[in-house]
Ligand code: SF4
Ligand code: F3S
Ligand code: FES
């Protein structure tokens, strides 16, 4: 069954733009990205949207649908009523390049600031032996498709551009936690998590976890445990004494 839906889509570039109204055909089984593609094909050939896999796996089609960060390719039209106006806007936390396409390079800058996995020099690839529990823990974080919707929704940077230099965002604080929990990683990540990557800014609102399309428990399994690791170090008397002696 087909029907006509009302779409309101953000159009603009160079820091300026407006919402534009469209009436567009919807067919059974379609997702929001299908409708955006139909708009391109029939009414707005220059409408910019980033996408790739159309299967919820490349993380390219992140956008805000009725104000909520969503993957366009995984948001079924059947979740809306036929008379509803569907508003589609670009991710708010990142600068707009054109229409629905944002410049997400903030995220790549943050990724580069984190030292990569560093195993002990005397253990060769193929010699790592890990317990299943350690494997499973990092496997959850490895499901990340880098859609950056968690970073987009986190209030620390969503409404505060000034926090961006000192805050890696949930996606990359999770990466730091993953590496810190890795039994073969030798880099000390606790102080830098707090001091350089802004772990202390996170006040556990869990908005990041709510929007994650991979259902990764970012807050409970990465951010809170990482906060506990940082605090343990601070208040463990032996660790404190060790720091005093070795920092002299
Ligand atoms: Fe997207 Fe989830 Fe990865 Fe964040 S953690 S970038 S929301 S897949
Ligand atoms: Fe932001 Fe997630 Fe923490 S939304 S405040 S990083 S729990
Ligand atoms: Fe790849 Fe939507 S197009 S996640």
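Readers should treat all values here as calculations from the given coordinates under stated rules, not as data from a laboratory. In this text, all values refer to a predicted model and were calculated from it rather than measured experimentally. For neighbour counting, all protein chains shown are included, and Cβ atoms are generated from backbone atoms with ideal geometry for every residue, glycine included.
Quick notes on this structure:
- Beta bridges per DSSP with both ends in the stretch 1-156, % antiparallel, nearest 5: 85
- Simple label model, 7 Å out from Cα along Cβ direction - residue 121 to residue 20, nm: 6.0
- FRET efficiency for the pair residue 76 and residue 231, taken as 1/(1 + (r/R0)^6) with r the Cβ-Cβ distance and R0 = 45 Å, rounds to 0.60.
- The stretch 90-183: equivalent-ellipsoid semi-axes (sqrt of 5 x gyration tensor eigenvalues, Cα, Å): 31, 13, 12
- Most mobile of 74, 174, 130 in a GNM of the chain (Cα contacts under 10 Å): 130
- Mean projection of the Cα convex hull over all viewing directions, computed for the chain: 16.7 nm².
- Taking the longest Cα principal axis of the chain as reference, the axis of helix 32-42 is set at about 40 degrees.
- 0 to 90° range, to nearest 10: angle between helix 224-235 axis and the chain longest Cα axis: 30
- GNM result for the chain, Cα springs below 10 Å: residue of 85, 102, 219 fluctuating most strongly: 85
- Sorting 106, 117 from the fewest to the most surrounding beta carbons within 10 angstrom yields 117, 106.
- Kirkwood radius and radius of gyration were both taken over the C-alpha atoms of the stretch 1-87, and their ratio Rg/Rh is 0.93.
- Using alpha-carbon coordinates, inclination of helix 132-142 to the longest axis of the chain, degrees: 40
- Cα centroid of the stretch 5-24 to Cα centroid of the stretch 35-90, whole Å: 12
- GNM flexibility winner over the chain from 166, 17, 59 (Cα, springs under 10 Å): 17
- Order of 68, 217 under a 10 Å beta carbon neighbour criterion, fewest first: 68, 217
- Equivalent ellipsoid semi-axes, the stretch 30-136, via Cα gyration tensor eigenvalues times 5, rooted, Å: 39, 18, 12
- Fully extending the segment from residue 109 to residue 132, taken as 0.36 nm per residue of separation minus the present Cα-Cα distance, adds 5.1 nm.
- If the segment from residue 161 to residue 83 were pulled out straight at 0.36 nm per residue, it would be longer than the present Cα-Cα gap by 24.4 nm.
- Sorted largest first, the principal axis extents computed over the alpha-carbon atoms of the stretch 145-227 equal 35, 28, 20 Å.
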